[in-house]
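The values are calculated or read from the model by the stated rules, or taken from the named source; none is laboratory data. Quick caveat: nothing in here was measured; it's all calculated off a predicted structure. With ideal geometry, Cβ positions are generated from the backbone for all residues, glycine too; neighbour counts draw on all protein chains shown. The area values use the complete protein model at the heavy-atom level, side chains included, leaving out ligands, DNA and RNA. Shrake-Rupley method; radii C 1.70, N 1.55, O 1.52, S 1.80 Å.
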Amino acid sequence: MDAFDNFLTGTITLFSDPIGILIFFGGVIGGMLFGAIPGVSMLTLAAILLPFTAHLSPEHGIMLFSVIYCTGVYGGAITAILFNIPGAPENAPTAFDGYPMTQKGQAGKAVGAAVMCSALGGSISCIIMMLATAPIADWAISAFGPPEIFALVFFGLAVASSVGAKTFWKGWLSILIGLMVAVVGLDPVGGIERYDFEMPYLLAGIHFIPTILGFFAVSEIFVQAEKKARGSYNAPKLSVDFPSLSELIAHKWAVFRSIVIGFFCGILPGIGATLAAFMGYNEAVRWSKNREEFGKGKLEGVISSETANNAATGAAMIPLLALGLPGGALTAMMVGVFQMHDMEPGPLVFLNSADLVWVVFAAMFFANVSILFVGFLETKTIINLLRIPFQFLAPMILLLATVGAYAVRGLTIDVIVMFLAGVVGFFLRRSGYSVAGIVLGLILGKIGEQTFAQAMQMLHFEWSGYFDRPIALGLLIAGILTLCASIYGAFFKKKHPTTQMTG
Amino acid sequence: MGKLRTGHLVEAGLWLGLCLFLYIYSFEFEKDIEIYKFGATAWPRAIILLMTIAALGQLFHHWKRGDEVSSEIIDAATHDDAEEAAHDAHHEDIKWYASTFGLLLIPFAYMRIPDWIVALLSAEGTTVHLIRIVCAAILIGIFIYYMRRNMVGAILTLPLFFAALLEDMGFYSLAPFFIIGVMFLFGEQRPKPMMAIMALIFGLLMLLFVKILFVGLPVGNIHPFYDIGSWVVTVLQ
C-alpha cells in the first residue's frame, strides 16, 4: 500500500508541475526520435543534454534521463527493424528478425510488435520495480558480489558467441576483439597504462559511443555502398500492418519469459538491457519448435528481444538508486547528473530524496505507457523516412553520427575513431564476423575484468572459493556447458540442413 | 589442404600476427601490483590466448568445412549479407584490397605529412597554415583522381578524410562538400537535387545542433576556415 501511495504522490508531483510535464514529453519524444534516427541514439541525445541538466533541478534532470532511457530503448528498435542499424546494442537482436521482416514487406508488423512489447515489458518492469525495489535490492546486495557478476558476464558472453557471426569461432573472435579493445587505457586495479602506444588520448580508453556508432551506423552505410556498387540496393518495402491482438496472445509465453529474463538481467549492476535482449532472443530460439525460422523474419524474435530490453530498463534503476552502480551507458550518465547536483546515488537517496525516487518511478511508468500511443503515431512518420533515396539519407546519417561522436567529449579524434571502427566493422562483417559481439565484448570487458579482479581478491586468489558461492558456481558451470556444447558442435556435428544463407 | 583457400590462410595469419604483436607489446606494461598478484597483464594475456585458440579453431573449421556456416550458430547470424554483397561486387581480389588500402592511406597521410614538412622547414605562423592547406589540396586531388576507379574504397576513405581534416578546417566549412561527396559516391549526379539536399541537410543540422542545442562543433584552426566557422556560429547563435 505504501508503494501505491508513493506512486500516487510521485504522479501528482510530476503532473502538477508545468516544467516537469514539458520535460517529460520532451524526453518521451526526444528519446524516441534520437533512438529512431539512424546514426544517432538515445546516448547521443543524453550526451548532448548532460551539460544542460546543471540548470535543471535534480528531480527534473534524473527524470529526463530515465524517460529518455525508456523511450530510447524502444526507438532504437525502429532503426534496427527498418535499416538494420540498431539504435543501441540492446536493439541488436531485434534486427536479426526485424530487418528480414522489413525486407519481406512486414516492417509495419515488426515495428507494431516492438511498440506493444516495449510498452508492455517496460510497464510491467516498472510495476515490479515499484513493488519490489527494497526486497530485490536487498537480495541483489547480499547474493551478488563480484564473483557472481563476473560469472554472469562470462555466461552472457558464452551465450552471445553463438549469435551474430558465421561460425562459433568467428563469434568468439568478435567478442574477444571487443574485450581486447576494452583493455586499452588504465588497468582497473593498479592504474597501469596498457596499449596506449604513448598516445594521451588512449589513456582514457577507447570511448564506447564512437565505437558503437562506427560499428553499427557507419559500417552499415559502407555495406549499403557496396550493394550500390553491385547495383542491387533495394529500398525496404513499406507497410503499416500492425500485429493483431491474437498474434500477440499467441506469443504470450515469449512475452512472459522475456519479461522475467529482462527484469533479472536489468537488476544486476553492469549487465542491463543488452544481455537481456540477447538472452531473451536466445531463449526464444531455444524454446521454439521452429528454430530454423529465426533470422529469416520471425515475429517472435522481435517480440522476445524488445520485451526483454524494455523490461530491463525499470530494473536497471534499482542498482543505480540503491547501490549507486550504473548498469550501462545511460545510467552511468545519470550518475553524472547526480554529481552535478552534489549528490551521490545510493541508499541515502532513498532516505534524503524519496520524492525524487518516486517522481522518477512514476515518470518511467508513464513513459512506457506513452510508447504505446506516441510510438504508434510517430512510427508512421518514421516509416516514411524509408521513402528517402539512400544517397540522400547516407550523408545525413554520417553527419549525425559525426555530431554524436564529437558531442561526447568535444574531441575530433573520437570522430576519427568512429569512422575507423566503421571501416574495421565493414571488413569484419564481409568476412562473417559479428559487430554486435565486438560491442558486447567492449561493454562487458571492463566490467568483467574489474569484477574478476575484485572476485579474486575476495577469494584470496583461490579458485576453489567459487565452490562456496552456489550462484556464481552455477553461472560458471552454465557458461562452460554452453561453451562445450558449441565446441562439440563446431568439431563434430554436421551442418543443420535448414541453416541456409538468407542473404 | 582440405577446403582451405589462400584467403583463409591470410585471415588466420592476420589473427595470429595480431596476437603475437599484442603479446609482445604486453611486456611494455608488465609491472607488479602490490594488492593484485596477477598484475596488469593477466587479463589481456588470457584474452590473447583465447584469441589464438579461436583463430586456430577457425583455421581448422576452414580446413574441414570451408566457408560453411556452423551448425551451432543461430541462423540469425547469417542475416548480415555484407559478405554476399562483397562477393557479388567482385571485391574479393587482391587488386581491389590493394587499391582500397591505398585510398585509405590518404587520411593518414594528412595526419602525418604536414607535421613532417613543418618540422623539416621549421615553419611558423601562417606558413604552417599554408603548408597544411597545400597538403590537403594535393591529397584531395589524389583522392579525386583515384576515386572513380574504386567507388567503394572511396566511400570508405571519404568519411575518414573528412574526420582528419575536421580539426584544421572545421565542420562548418567541410560539411557541405562532404554531403555532396557522399551523394556523388552513392551515384547521385544531378547537380540541382544535390545542391538542394545539401542545403536542406546542412540547414537542418545547423538549426538543431547550433541554434537549438548549442552544440559546439569544431570551427577549425586555419584561416580562412576558422573565420567561416566562427561567422556561421555568430550568425546562428
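Values computed for the structure shown
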item	result
Unique match (being small (Gly, Ala, Ser), farther than 17 Å from A:Gly410 by Cβ, out of contact with any Cys (no Cβ under 8 Å at 6 or more places or on another chain) and crowded, with 22+ Cβ neighbours inside 10 Å) among B:Ala199, B:Ala154	B:Ala154
Residue that is nearest to the other protein chains (Cβ to nearest Cβ) [pool: residues in region A:157-171 that are within 15 Å of A:Phe278 (Cα to Cα), crowded, with 24+ Cβ neighbours inside 10 Å and at pLDDT 75 or above]	A:Gly171
Enumeration of residues in region A:68-82 that are more than 11 Å from A:Gly122 (Cβ to Cβ) and aliphatic (A, V, I, L, M)	A:Ile68, A:Ala77, A:Ile78, A:Ala80, A:Ile81, A:Leu82
Listing of helices (runs of 4 or more DSSP H) fully contained in region B:127-237 that carry 1 or more residues being under 20 Å from A:Leu420 (Cβ atoms)	B:151-185
Matching residues in region B:101-117 - criterion: being within 13 Å of another protein chain (Cβ to nearest Cβ), in contact with a Leu (Cβ under 9 Å, 6 or more places away or on another chain) and open to solvent by 60 Å² or more (accessible area, probe 1.4 Å)	B:Phe108
Number of the exception - A:Leu203 against (1) open to solvent by 10 Å² or more (accessible area, probe 1.4 Å); (2) under 27 Å from the mean Cα position of the chain (by Cα); (3) modelled with pLDDT under 85	(3)
Qualifying residue in region A:162-182 (condition: more than 26 Å from the chain's Cα centre (by Cα), of a type in the set (Gly, Ala, Ser) and in a loop (DSSP other than H, G, I, E, B))	no
Matching residues, region A:66-104, being part of a loop (DSSP other than H, G, I, E, B) and modelled with pLDDT of 80 or more	A:Lys104
Members of region A:434-462 that are at the interface with chain B (Cβ under 9 Å from one of its Cβ atoms), touching a helix residue (DSSP H, G or I) at 6+ places or on another chain (Cβ under 6 Å) and open to solvent by 10 Å² or more (accessible area, probe 1.4 Å)	A:Val435, A:Glu449, A:Phe452
